[in-house]
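The values are calculated or read from the model by the stated rules, or taken from the named source; none is laboratory data. Source: prediction; values computed, not measured. Counting neighbours? That spans all protein chains shown, and the Cβs are built from the backbone with ideal geometry, glycine included. Please note that ligands, DNA and RNA were not included when accessible areas were found on the heavy atoms of the full protein model with its side chains. Shrake-Rupley method; radii C 1.70, N 1.55, O 1.52, S 1.80 Å.
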Amino acid sequence: MDRVRDLASKNAAVIFTKSSCCMCHSIKRLFYDLGASPAIHEVDRDANGREMESALRSLGYNPTVPAVFIGGRYVGSAKDVLSLHLDGTLKQMLKDANAIWF
């Protein structure tokens with residue numbers, strides 16, 4: 001659990017994903033299109049991936065991926081991030097966390 005929190009707080013935007021997850025790919029693409037370069041942690045390709053996924057689950061994040069953190073704070077899964085994008089808040093959150101500058 002400490003590793004997940006540590007990784008989530010090291011960058012302005014962090015996404016825990018799985019390489020085979022289509023929603024994970026969509027969320028990554030959204031961040032890139034907004035001009036952000038999030039730190040990506042693919043739990044299915046990380047040696048400690050099972051522990052990270054278990055930690056995300058124990059923190060109440062279900063589904064466990066994509067799990068998006070902005071400014072070290074959990075903002076949600078794909079559904080939550082897309083809602084934030086549609087209502088215009090996601091871009092401002094990324095600006096406030098210095099993940100984007102425009």
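Annotations for the structure displayed:
- The long axis of helix 49-58 is offset from the longest Cα principal axis of the chain by roughly 70 degrees.
- Cut-off under 5 Å, modelled amide H: who pairs with Val75 long-range: Val68, Phe69, Ile70
- Of Tyr74, Tyr32, Tyr61, the one that fluctuates the most in a GNM where the chain has Cα springs shorter than 10 Å: Tyr32
- Each of the trypsin sites (Lys or Arg not before Pro) that DSSP puts in a loop and that has at most 14 other Cβ atoms within 10 Å breaks the chain; the longest unbroken stretch is 46-102.
- In a reduced charge model with +1 at each Lys and Arg Cβ and -1 at each Asp and Glu Cβ, the range 42-102 shows a dipole moment near 140 debye about its Cα centre.
- In the range 34-102, a dipole from Cβ-located charges (positive for Lys and Arg, negative for Asp and Glu) runs towards its positive end, and of Met52, Pro66, Leu86 it is Leu86 whose Cα lies farthest in that direction.
- GNM top mover of Leu30, Leu59, Leu90 - the chain, alpha-carbon springs below 10 Å: Leu59
- Surface share of carbon and sulfur [accessible, 1.4 angstrom probe, percent] for the chain: 48
- Taking every protein chain into account, the accessible area of the chain amounts to 55 square angstrom per residue (probe 1.4 Å).
- Think of it this way: in the chain, Cys22 stand alone, with no other Cys Cβ under 4.7 Å.
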